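Visitor: Got a structure for you, questions after.
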């Protein structure tokens with residue numbers, strides 16, 4: 001279970017990592033730069049993503065709805081594991097950070113959102129030393145190998161990027177029997193600030209905790 005969690009956390013490290021590109025081909029860097037631009041928008045961007053992860057008898061499925069607009073953010077996560085379904089939702093509306101979990105709403109002054117949930121890793125060309133790319137069926141498929149951080153268990157990661165709009169379609173990785181696949185299913189550009197506010201009326205029976 002610990003390895004599965006570590007792999008999931010690594011897959012969602014958002015836009016992290018710096019350093020030389022080493023043996024990453026220039027055309028791969030170009031595609032990833034275009035992908036990073038396509039997956040962000042000053043007018044706001046929301047995408048939906050399915051994730052499947054498994055290790056031996058343990059299987060986990062997660063559905064993410066992730067919205068970003070500047071500092072504003074909103075994430076909804078539905079997790080299915082061992083026959084159970086857990087839904088959590090959190091966001092930052094410009095003033096408060098809020099979270100809905102187990103019929104409890106926690107509202108905290110300021111932005112305390114973590115950056116490691118729901119945001120796909122788009123800095124792979126900076127975190128790995130080598131990459132190979134092929135173009136097929138409307139996608140660039142890039143496989144990154146040799147992570148710069150030797151403690152990373154995912155020794156290779158493969159991404160599929162649209163060759164028309166450079167939107168990230170899929171990410172696959174695995175380590176020690178664990179396989180993880182994330183697939184983008186929907187994307188929407190253009191969000192109002194009100195999209196990031198929590199509507200308390202939709203949770204009439206929830207306990208509200210303010211910090």
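Visitor: Restricting attention to segment 142-159, does a residue exist that is crowded, with 17+ Cβ neighbours inside 10 Å, at pLDDT below 95 and part of a loop (DSSP other than H, G, I, E, B)?
Guide: Scanning segment 142-159, I find at least one residue that is crowded, with 17+ Cβ neighbours inside 10 Å, at pLDDT below 95 and part of a loop (DSSP other than H, G, I, E, B), so the answer is yes.
Visitor: When only residues in segment 34-73 that are exposed (fewer than 15 other Cβ atoms within 10 Å of the Cβ) and without any contact (Cβ under 8 Å) to a residue 24 or more places away in the chain count, which is farthest from residue 121 (Cα to Cα)?
Guide: 57
Visitor: Which number in (1) assigned to a loop (DSSP other than H, G, I, E, B); (2) over 19 Å from residue 67 (Cβ atoms); (3) modelled with pLDDT under 95; (4) under 18 Å from the mean Cα position of the chain (by Cα) marks the one condition that residue 113 misses?
Guide: So residue 113 meets the others, but not (2).
Visitor: Something else about it: Could you please find all residues in segment 74-108 being farther than 15 Å from residue 197 by Cβ, touching a residue at least 12 places away in the same chain (Cβ under 8 Å), assigned to a strand (DSSP E or B) and more than 18 Å from the chain's Cα centre (by Cα)?
Guide: Selection gives 81, 101, 104, 106.
Visitor: Still on this model: For residue 191, state whether it is touching a strand residue (DSSP E or B) at 6+ places or on another chain (Cβ under 9 Å) and at pLDDT 95 or above.
Guide: yes
Visitor: When segment 116-135 is examined, which residues are found to be at pLDDT below 95 and either surrounded by fewer than 14 Cβ atoms within 10 Å (Cβ to Cβ) or assigned to a loop (DSSP other than H, G, I, E, B) (or both)?
Guide: 116, 117, 118, 119, 120, 121, 122, 123
The values are calculated or read from the model by the stated rules, or taken from the named source; none is laboratory data. This is a predicted model, so every value here is computed, not measured. All Cβ positions, glycine included, derive from the backbone under ideal geometry; neighbour counts span all protein chains shown.
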